[in-house]
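Beneath this line is the structure, given in structure tokens, with notes to follow.
Just so it is clear, none of the values below were taken in a lab; they were calculated from the coordinates. Note that this is a predicted model, so its numbers are computed, not measured. So basically every Cβ, Gly included, is an ideal-geometry build from the backbone, and we count neighbours across all protein chains shown.
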Ligand code: FAD
Ligand code: UDP
């Protein structure tokens with residue numbers, strides 16, 4: 001499978017992290033790169049493709065690009081045109097669909113006018129308009145708010161508990177098998193309550209999808225005469241047969257070290273795709289089901305991609321425990337115990353020698369969004385290879 005060529009770099013993983021590093025090393029430094037992936041395709045978890053019905057789907061769940069980094073945006077824009085898209089998500093609460101993150105408009109959809117107006121005024125007075133308040137902070141504040149009147153304190157407590165129960169507790173327990181408190185503030189803090197009428201999921205400066213998809217974007221990154229690509233090729237096969245000077249590893253860090261300190265925990269998912277012979281299935285790209293069904297959300301890709309087609313394809317997401325060899329490790333679990341285990345592997349990295357670099361969601365064991373994965377790859381290139 002592998003040629004007998006000699007490479008400057010072997011890159012394990014053709015996701016965004018590996019592809020960006022391959023592109024930089026080849027185009028900026030003229031290095032010869034072999035990039036491999038054990039999956040049959042490129043783009044890692046951002047992989048998208050046309051399904052059997054000609055509908056563009058995201059194979060591993062909805063991927064919406066958003067960033068505040070003008071560097072990351074400018075870099076990727078050299079490899080793709082963009083389809084402008086601002087993500088909006090609905091959550092089914094008590095049989096009604098309201099925007100998530102929970103915002104001022106949800107108050108008016110869910111509660112009688114007088115109550116909604118009172119709660120709105122309370123949130124604006126306490127936190128200020130356009131402010132974002134993570135749910136765990138809102139709950140703590142509601143419990144401690146001694147400076148509020150008794151009525152306001154009761155209202156704030158009631159609202160915090162309502163949002164916690166209806167939006168966060170069920171969804172998080174389903175998604176992670178853990179409560180918001182057990183996970184700590186970083187996870188539910190990704191979707192803070194927004195004291196605003198703005199019903200977008202993200203407020204980042206740049207929000208769009210690559211016009212021809214993420215797979216085409218990654219293909220374009222890898223389109224260089226100094227880059228060879230092998231899919232369906234794993235590191236163990238390449239390591240023994242390919243000749244290279246430096247290794248960049250974007251796979252699971254515990255796997256690289258043969259699980260010598262034990263397995264890092266991950267959460268996995270099962271995606272059930274369904275094609276429907278109607279133009280549209282639901283009102284938005286994503287509808288969340290915090291308290292009903294075994295799945296967490298339904299994604300309808302056409303809303304995001306803007307594709308015109310007679311039918312539509314949706315995906316239901318069923319969270320699962322990760323079992324090595326049986327399903328994919330999607331989400332690092334941010335518990336103290338896993339952080340301590342990761343630290344043991346990170347110490348091994350120091351000992352692995354100067355010829356190995358670890359980067360990416362799996363190798364860094366971090367819940368990176370795509371722009372963070374790209375930003376990390378660009379920073380590694382700048383600091384480690386271009387300096
Ligand atoms: P990956 O995409 O995981 O790529 C690593 C690659 O390495 C994989 O293809 C794997 O097969 C390969 N590999 C691993 N080990 C080996 C080995 N031993 N040999 C060969 N190949 C190997 N981000 C956003 O910005 N917006 C979103 O809306 C968004 N939605 C998401 C939804 C889901 C369900 C998930 C799971 C993630 C989402 N993300 C989103 C995050 C996004 O997927 C990641 O930030 C990005 O894919 C990270 O790229 P990566 O290259 O570091 O890792
Ligand atoms: N979350 C929730 N209810 C929602 C949406 C999100 O409880 O309606 C919590 C849940 O714990 C989830 C986390 O917020 O895992 C982060 O949500 P995000 O949309 O960022 O998750 P991702 O798209 O990365 O799966």
Rounded tilt (10° steps) of 113-127 against the dominant C-alpha axis of the chain: 60 degrees
Sticking with the crude label model, points 7 Å out along Cα→Cβ, report the distance from residue 307 to residue 81 in nm, one decimal please. 1.8 nm
Highest GNM mean-square fluctuation, the chain, Cα pairs closer than 10 Å: which of 250, 305, 231? 231
In degrees, nearest ten, helix 370-380 long axis to first principal axis of the chain (Cα): 40 degrees
Scaled radius of gyration (Cα, divided by 2.2 N^0.38 Å) that region 161-204 gives: 1.22
Zone of residue 293 (label point 7 Å along Cα→Cβ, backbone N under 13 Å): which residues in region 311-325? 314-319
Can you sort 260, 27 so the residue with the fewest Cβ neighbours within 10 Å comes first? 260, 27
P(r) for region 10-74, please, calculated from all Cα pair distances in 5 Å bins and given in %. 4, 15, 18, 21, 18, 15, 7, 2, 0
List the equivalent ellipsoid semi-axes of the chain in whole Å, largest first, each obtained as the square root of 5λ for an eigenvalue λ of the Cα gyration tensor. 40, 24, 19
What Kirkwood hydrodynamic radius do you get for region 195-320 when you take the inverse of the mean 1/r over all pairs of distinct Cα atoms, in Å? 19.2 Å
So, how do all the Cα-to-Cα distances of region 47-198 break down into 5 Å bins, in percent, from 0 on up? 1, 8, 14, 18, 17, 14, 11, 8, 5, 3, 1, 0
So for region 121-177, considering every pair of alpha-carbon atoms, how many percent are separated by more than 12 Å? 67 percent
Return the single residue from 323, 191, 20 with maximal mean-square fluctuation; model: Gaussian network over the chain, springs between Cα atoms under 10 Å. 323
For region 1-113, alpha-carbon Rg and Dmax in angstrom: 20.7, 73
Residues 370, 129 arranged by fewest to most Cβ contacts within 10 Å: 129, 370
Extension gain (nm, one decimal) between residue 320 and residue 109, 0.36 nm per residue minus Cα-Cα: 72.7 nm
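For the chain, what does -39500 (n - 2.57) per DSSP helix run (n ≥ 4), summed and divided by total residues, give at 222 nm, in deg cm²/dmol to the nearest 500?
Result for the chain: -10000 deg cm²/dmol, rounded to the nearest 500.
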If I build a Gaussian network model for the chain, linking alpha-carbon pairs within less than 10 angstrom, which residue out of 211, 197, 146 has the largest mean-square fluctuation? 146
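How do 166, 137 line up, fewest other C-beta atoms within 10 Å first?
On the way: 166 20, 137 17.
Starting with the residue having the fewest Cβ neighbours, the order is 137, 166.
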Tell me, in nm to one decimal, what length is gained between residue 384 and residue 127 on full extension, where the rule is 0.36 nm per residue of separation less the Cα-Cα distance? 88.3 nm
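Taking only C-alpha pairs under 8 Å that are 6+ residues apart, what is the relative contact order of the chain in percent?
For the chain, the relative contact order is 28 percent.
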Cα centroid of region 309-373 to Cα centroid of region 99-145, whole Å: 34 Å
